[in-house]
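Only the coordinates and a few stated rules stand behind these numbers; no lab work does. Just so it is clear, the structure is predicted and the values come from calculations on it, not from any experiment. Note that each Cβ is placed from the backbone with ideal geometry, even for glycine, and that neighbours are counted across all protein chains shown.
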Amino acid sequence: MPTALLSVSDKTGIVDFAKGLTTLGWDLVSTGGTAKALRAAGIKVNDVSDITGFPEMLDGRVKTLHPAIHGALLARHDSSEHMKALAEHHISPIDLVAVNLYPFEETAARSGAKPEEIIEQIDIGGPSLLRSAAKNFASVTVVVDPTDYSRVLAALEAKDDDLDLRRLLAEKVFARTASYDAAIAYWFGCERAEIFPDRINIPLLKESALRYGENPGQRAAFYVERRHDGIAALEQKGGKELSFNNLLDLEGALFATDPFQDETCCAIVKHTTPCGLATSTTALDAYKKALASDPVSAFGSVISFTVPVDDETAEAVSSLFVECIVAPEFSTGALEILGRKKNLRVLQGRARWREQALDYKRVRGGFLAQERAGRDTNQEHWRVVTKRQPTDAELRDLQFAWRAVGSVKSNAIVLARDGATIGIGAGQMSRVDASFLSVHKARLSGHDTNGSVMGSDAFFPFRDGVEQAAEAGVVAIVQPGGSVRDEEVIQAADEYNIAMIFTGMRQFRH
């Protein structure tokens, strides 16, 4: 009779799987809690200790690490020498293994979990069983994912000796054990506050296949660090499936509103950079102000709110062609209103970053890794460098402009007034071009730039950027400072009676 070894932490589906195996005439061997669950369901099962002749010990830390188990898994059934060795040592082959691992990742992610708790969830025997069985996939079927139970039973019932299936299952095992070890290594690095260890492993799970990538003809998929985390934690309430570009723009929209989580804020994003960003007292007014920044570019955009979307706001948004809208919550009426737009993806929830997550950028042959961008809202190091101090109203707009410009592609310039962008110059090769574009976009959308403030993500290398601002009627500027020509830039601001603040922090976004 064929033999299956079942030892699972996640017991989803294991009873039905075991029943299916016994119906097909399999002997079952199991351990600890799995054996207990199977017996409680009336399923006959043998203990691993019956095979090893050695009891489980050390609170279950040692139970399957034994030649009688690993010999039974690693013996090639097509090798007479291997089978002879098993017979000499009275070892029966094990033909199927179903194992999943202790919940290390879940425990490590739990708030307040103690190091000793987390370490106890480092599985040793499970990965060893899986790797032994997967190496010998030609002879052994190995199942690490409970969703594969049904397809394995179907193959066994059909008496289909499906080598391709066993190879695929083995591949899943090595991917799973690799990601498991990577998560453990990551935790150890975090424990010693080392975010850049000698080796970085990025364990990713396939969340979904995508229709195509940035362009048709490019195949694509969406991978996540953890299930139900980050953008994958958002609940889609309506619309078509998310595309590659939707996901990129969602990240851009969420990034834009991140510094405004304690305020009512709306960001309208196109190609991952804002075309409008505003704060107000209501979601509707924030949306109207953000839209007014650049209503032409808002066509086909992604919109992010920091507050729930009500019926009135939904009605306003529904009059514009929008790809996606994301908010912490939607009223019942808002969902009904937005649901009339069959192509509009509606996403609800909060997409949070994993603690100590790194930002990766792909280059040929490798990755660049950096800490996530700190969105500077701390004014401790801000200093006014001009003769004229900003007024209280100007200072409020400068604070807004500084938070807003950090989400715009570099070189980045924003013009702002009354807690809203009125002109955005993004992704330019020179800062003076970005300044010119911000003014041009503002005037194109019907805004009077006189009395506005300007935010720059990096220093002005020459005074021409300030002259551009003065010509537009800008009254105050916030920028990092740090240019060799800072004195010339400050002098230009003084000449035009512009108040200027140096923040001491750059906000490049490449």
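Key figures for this structure:
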| item | result |
| --- | --- |
| Ratio of the Cα radius of gyration of region 205-348 to 2.2 N^0.38 Å, where N counts its residues | 0.99 |
| Rg/Rh for region 3-191, where both radii come from Cα atoms and Rh is the Kirkwood radius | 0.97 |
| Two-site FRET efficiency, ARG372 against HIS228, from Cβ-Cβ distance with R₀ of 25 Å, rounded to 0.05 | 0.80 |
| Distance between modelled label sites at GLU241 and ARG167, nm, 7 Å Cα→Cβ extension | 2.6 nm |
| Peptides ranked, highest mean first, by Cβ atoms within 10 Å: ranges 368-374, 320-326, 115-121 | 320-326, 115-121, 368-374 |
| Relative contact order of region 205-348, pairs being alpha-carbon contacts under 8 Å that are 6 or more residues apart, as % | 22 percent |
| Point-to-point label distance, GLN389-GLU120, nm (Cα→Cβ direction, 7 Å offset) | 5.9 nm |
| Residues whose placed amide H lies under 5 Å from that of PHE460, excluding near-sequence neighbours | GLY481 |
| Percent of Cα-Cα distances greater than 22 Å, calculated over region 383-502 | 19 percent |
| Within the chain, percent of DSSP bridges classed antiparallel, to nearest 5 | 55 percent |
| Three-way shape label, the chain, alpha-carbon gyration tensor, a/c 1.5 | prolate |
| The chain, relative contact order [Cα under 8 Å, separation at least 6], % | 8 percent |
| Full-extension gain in nm, ALA221 to ASP464, via 0.36 nm per residue minus C-alpha separation | 83.0 nm |
| Förster radius 35 Å - calculated FRET efficiency between ASP181 and GLU88, Cβ distance, rounded to 0.05 | 0.55 |
| Ellipsoid semi-axes in whole angstrom, largest first, where each is sqrt(5λ) of the Cα gyration tensor of region 87-240 | 30, 26, 14 |
| Structure-based [θ]222 nm, the chain - -39500 (n - 2.57) summed over DSSP H runs of at least 4, per residue, nearest 500 | -11000 deg cm²/dmol |
| Protection-proxy order for peptides 350-359, 415-424, each taking the mean of Cβ atoms within 10 Å per residue, highest first | 415-424, 350-359 |
| Per-peptide average of other Cβ atoms within 10 Å, ordering 447-460, 397-410, 215-228 highest first | 397-410, 447-460, 215-228 |
| Long-range amide H partners of HIS271 with built H, under 5 Å | none |
| Pair ARG151, HIS77: separation of 7 Å Cα→Cβ label points (nm) | 2.0 nm |
| Neighbourhood charge, 13 Å Cβ-Cβ cut-off, centred on SER92 and excluding it, Lys, Arg +1 and Asp, Glu -1 | -4 |
| Cβ-derived FRET efficiency at R0 30 Å, GLU214 paired with THR332, nearest 0.05 | 0.25 |
| Between region 124-155 and region 471-497, the alpha-carbon center distance in angstrom | 66 Å |
| For region 3-191: relative contact order, % (alpha-carbon pairs under 8 angstrom, 6 or more apart) | 22 percent |
